[in-house]
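Participant: Let me begin by handing over the structure; questions about it come next.
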Amino acid sequence: MKFRRSLLLSAAAALTFAGLHAPSMAQQRLRVAGNFPADHTATKVMEIFKKEVEARTKGELQVDLFPNMQLGGAAENVDQVRSGTVFAIVTSIAYFTRIVPEYEAVSLPFLFHSREAAFRVMDGPVGKLFDERMAQKGFISLGYGELGFRHVTNNVRPITSSADFKGLKIRLQPNEVHLDTFRALGANPVAMDVKEVYSAMQQGVLDGHENPYNIIASRRFNEVQKHLSDTGHFYDFINAAANKRLFERLSKPQQEAVMASMKEAMTWQRAEAAREDERWRQQLVKAGMTFTPITPQGRADFRRSTAGVVESLKKRIDPKLIDTVVSEAAK
């Protein structure tokens with residue numbers, strides 16, 4: 001009997017010790033995907049989010065990160081979040097325009113004169129409308145950050161006016177407003193996931209593409225492109241979005257921790273992206289790209305050439321929303 005009692009006590013002690021060191025049964029893992037390189041501020045957003053969520057929930061929520069297209073391209077990641085195999089994604093809003101067409105209202109050419117104007121619109125009633133549309137489609141918007149003003153690169157000639165776009169095969173994101181804009185400029189736009197762009201330009205399938213300075217540099221597109229112009233034709237946003245069903249399964253405190261953590265991460269990202277913008281441009285020039293600044297006359301020419309894009313968009317989404325966005329952006 002003494003031997004049996006000793007054995008039982010030893011087993012109980014072992015189980016108690018194991019319980020102290022085993023993960024909590026309530027612990028949940030959240031998979032978060034992204035399509036940005038490791039040194040991009042959007043990837044840092046994911047890292048800050050992970051740190052904050054795990055700290056705020058005392059480890060009840062654990063976040064597994066898959067940046068830099070580890071789970072496929074942006075379009076694939078959006079589908080993964082939609083199906084629930086991935087909890088959330090950090091990407092460009094362009095990859096949600098086919099799900100929520102209203103996002104195209106903030107994708108109009110030459111809409112924003114500054115990043116401050118862009119976020120005044122996105123952080124106000126217009127952004128809340130987008131969030132409602134996302135919820136209707138099965139997503140929870142977690143927050144918006146800066147991808148930045150987009151600029152054109154190509155291997156054929158410097159860009160100074162709309163005439164220079166004629167016939168150029170330019171890669172764009174899968175956003176109809178973006179595609180319509182470059183058609184209006186005389187280019188041959190091609191919608192393509194970013195994971196295919198480097199090789200397509202290297203092989204001459206594309207003449208060029210457009211992206212913020214930070215993406216051009218961090219994806220090393222300067223290695224396969226000669227000319228760079230500060231066209232600033234669109235201002236682009238990063239968005240973080242989660243699967244609505246998975247989000248609602250979390251407890252209320254956990255939901256609050258997720259939202260607060262992403263807010264902190266995006267607040268940092270906006271400030272850091274703005275601070276680094278000029279440094280990225282200088283890095284591209286130093287790496288050998290030929291930089292051709294756009295004159296006020298050239299920019300006015302671009303605006304005239306693309307003026308019809310607004311009316312075209314009004315045939316696809318609520319004209320009142322577009323008028324509101326244009327009015328707010330001009331303040």
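Participant: Can you name the residue in the range 161-195 that is among the charged types (D, E, K, R) and part of a helix (DSSP H, G or I) and is also most open to solvent (accessible area, probe 1.4 Å) among such residues?
Facilitator: Only one residue tops the list, namely Arg183.
Participant: For residues in the range 203-217 being open to solvent by less than 20 Å² (accessible area, probe 1.4 Å) and small (Gly, Ala, Ser), which is farthest from Lys44 (Cα to Cα)? Let's see the steps before the verdict.
Facilitator: Going through the range 203-217, the residues open to solvent by less than 20 Å² (accessible area, probe 1.4 Å) turn out to be 206, 208-217.
The next check asks that each one be small (Gly, Ala, Ser); those that pass are 208, 217.
Working: Gly208: 28, Ala217: 16 Å.
Among them, the one singled out is Gly208.
Participant: Moving on to the next point. Residues in the range 85-98 that are out of contact with any Asp or Glu (no Cβ under 8 Å at 6 or more places or on another chain), outside any strand (DSSP E or B) and open to solvent by less than 20 Å² (accessible area, probe 1.4 Å): how many?
Facilitator: Total meeting the criteria: 3.
Participant: Please verify whether Gln80 is more than 22 Å from Ala260 (Cβ to Cβ) and outside any helix (DSSP H, G or I), treating the condition exactly as stated.
Facilitator: No: the conditions fail for Gln80.
Participant: Hey, does the range 57-67 have a residue that's assigned to a helix (DSSP H, G or I) and buried (at least 18 other Cβ atoms within 10 Å of the Cβ)?
Facilitator: no
Participant: Let me ask something else. Do the conditions hold for Thr231, that is, is it open to solvent by 60 Å² or more (accessible area, probe 1.4 Å) and β-branched (Val, Ile, Thr)?
Facilitator: no
Participant: Residues that are among the hydroxyl-bearing types (Ser, Thr, Tyr), more than 23 Å from Gly127 (Cα to Cα), touching a His at 6+ places or on another chain (Cβ under 9 Å) and in a strand (DSSP E or B): does the range 217-224 have at least one? Full working, then the answer.
Facilitator: First, the residues of the range 217-224 that are among the hydroxyl-bearing types (Ser, Thr, Tyr): 218.
With more than 23 Å from Gly127 (Cα to Cα) added as a condition, the list becomes 218.
After this cut, where a residue has to be touching a His at 6+ places or on another chain (Cβ under 9 Å) as well, the list is 218.
Subset that is in a strand (DSSP E or B): none.
Looking for residues that are among the hydroxyl-bearing types (Ser, Thr, Tyr), more than 23 Å from Gly127 (Cα to Cα), touching a His at 6+ places or on another chain (Cβ under 9 Å) and in a strand (DSSP E or B), one finds none in the range 217-224, hence no.
Participant: Something else: Does Phe110 qualify as being hydrophobic (A, V, I, L, M, F, W, C) and in a loop (DSSP other than H, G, I, E, B)? Write out each step before concluding.
Facilitator: Values: hydrophobic (A, V, I, L, M, F, W, C): yes; in a loop (DSSP other than H, G, I, E, B): yes.
So Phe110 passes the test.
The values are calculated or read from the model by the stated rules, or taken from the named source; none is laboratory data. Computed from a predicted model, the values in this text were never measured in an experiment. Don't worry about glycine lacking a Cβ; one is built from the backbone with ideal geometry, like all the others, and counts go over all protein chains shown. The accessibility values were calculated without ligands, DNA or RNA, using every heavy atom of the protein model including side chains. Shrake-Rupley method; radii C 1.70, N 1.55, O 1.52, S 1.80 Å.
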